[in-house]
1. Using only the alpha-carbon atoms, what does region A:3-212 span along each of its principal axes? Please give whole angstrom values in decreasing order.
2. Report the residues of region B:18-57 in range of a label on B:S249: point 7 Å along Cα→C-beta, backbone N strictly under 18 Å from it.
3. Using θ = phi - 60° and the Karplus form 6.51 cos²θ - 1.76 cosθ + 1.60, what ³J(HN,Hα) does each residue of region A:103-117 get, whole Hz, x for Gly and Pro?
4. Remind me, what semi-axes does region A:69-134 give for its equivalent ellipsoid, largest first in whole Å, using sqrt of 5 times each Cα gyration tensor eigenvalue?
5. Tell me which of A:P145, B:G36, A:L31 sits at the most positive position along the dipole axis of the protein assembly as shown, charges placed on C-beta atoms (Lys, Arg +1; Asp, Glu -1).
6. Check B:V233: other-chain or 5+ apart residues with amide H under 5 Å from its amide H, H built from backbone geometry?
7. For A:A190 and A:L76, compute 0.36 nm times the residue count separating them, minus their Cα-Cα distance, and round to one decimal in nm.
8. Among B:150-159, A:84-93, how do they line up from the highest to the lowest mean number of other beta-carbon atoms within 10 Å?
Amino acid sequence: MSFWEVTVQLADGFGVTLLLFGITLVCALPLGLIITLGSMSKFKPLRWLVKTFVWIIRGTPLMLQVILVFYGPGLLFDWPALPRMTAVIVAFIINYSCYFSEIYRAGIESIPKGQGEAGQVLGMTKAQIFFKIYLFQVIKRIVPPMGNEIITLVKDTSLARVIAVTEVLKAAQDIVGLKSIIWPIFYVGAFYLLFSGILTLLLNYAEKKLNYYNG
Amino acid sequence: MAFLDVKNIEKSFGKTDVLKGITFSMEKGEVLAIIGSSGSGKTTLLRCINFLETADKGSFTINGETIFDAQQSYSDKEKREKRLHFGLVFQQFNLFPQYTAFRNITLAPGLMRIKNSDKKLSAKEKSAIQDEINNEALQLLKSVGLTEKKDFYPCELSGGQQQRVAIARALAMKPDILCFDEPTSALDPELTGEVLRVIRELKGDDRTMIVVTHEMNFAKNVADKVIFMADGVIEEYGTPAEVFENPKSEKTKAFLAKSLEKI
Ligand SMILES: Nc1ncnc2c1ncn2[C@@H]1O[C@H](COP(=O)(O)OP(=O)(O)O)[C@@H](O)[C@H]1O
Ligand SMILES: [Mg+2]
């Protein structure tokens, strides 16, 4: 098979991988923040509930969660199954929201208490203290760990195959099996490298931009 | 009637009684120095006055108006309004690192007078207020001698300069009483002078101030009244001459002897 033919066959897989990556990122970033607020809530039962949930999600494989979201509703409650791609996206968003929430939490907790107190004695509201004082400092601190998670997400997209969603790696493997050629795997490997390489450059750029001050 | 009247403030953390009934008053334009060994409750007292802690018992008034009474509970909004009678300068400055010196000073006044304003402001009114805030901030920077550092970030300033920005930031909210919690304790010895000088100049402008300090010479020469705190009570109160030259309590004598020894 020619390079062009393989590319055409992989096109849908590329699409699935990029879509899964993009939607997960866009939804999990804000959702993670909401989970963080829950896990830092002053209301104990809520905090306990959210922390337990995060513990379960972080303590079990993402692959298991994908399987559960797809088969669980039907087998447990007789509900209609979600479309495969939707099930994958839902599982990914839940999983990554929990990871992000822990990064946010660590970021928020790393800001010295005096910052919030300075805002308080200057008469700021809680929301103003969060948005005007904390948020930026938190973002600056979490860009490196967030970067790691985001790069991991690029590679985790390959787990979608577990419920037969053909992302790009599955698509390549199908060609390998069918045509007995190995190079499509390298092709896809190069794609992952390029993808995560571009993200790394973007994240480094952001990190540099945020480094206009120390602390 | 005194300007600030603090009555019987008590505060404990769990089983530790930190403040055991603090009562004092001060007049407008007075500088009150609070001295005492570490752990005696000086910071906690300032934090209670500034609503960073809620006292368990007691009350305080400014000009006869009750600002805090432990028997009442206050909503966040009420606390926010009441604490603006006071300003607080922290030992660790606590400047906002992402903003320039200028923005550190203008941020809170802008939020209070534009965002938190009860009435709806037109764009024109907003920009007029903002101009006013900016001009005041420039004035304040000038008065703490940092006009040139306007656009510097805190990390680009020395500790003494950061603390002077922090003082300007607190003044921008026009508090009735400005509190300082050991404003020079985090500074290298050669930088304490510039901060103490600024505070002394504020006294010239008739600012009412409460200064918790370990600088005995400052307390002696700048303060109108001195409180010596020990174990959560006011052990001694009087003019600097009374407290330093003629202390009545044994604890005060011991403390003063020890702090002179260091020098
Ligand atoms: N948030 C807190 N929780 C528990 N104990 C506290 C807290 N804040 C202060 N303390 C205790 O209160 C006592 C007085 O502290 P502080 O007011 O900081 O004294 P000072 O400023 O005079 O050194 C200390 O024993 C300190 O350990
Ligand atoms: Mg203290």
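1. 70, 48, 21
2. B:18-26, B:32-46
3. Along region A:103-117, the couplings run 5, 4, 4, 4, x, 5, 5, 7, 7, x, 4, x, 5, x, 5 Hz.
4. 42, 12, 9
5. The residue sitting farthest along the positive end of the dipole is A:L31.
6. Distant-sequence amide H within range of B:V233: B:K20.
7. This chain segment gains 37.0 nm when fully extended.
8. Numbers: B:150-159: 16.3, A:84-93: 20.8.
Per-residue Cβ counts within 10 Å, averaged per peptide and sorted highest first, yield A:84-93, B:150-159.
Read the figures in this text as sums done on the coordinates, not as results from a lab. Because the structure is a prediction, the values reported are computed rather than measured. Cβ: placed from backbone, ideal geometry, glycine included. Neighbour counts: every protein chain shown.
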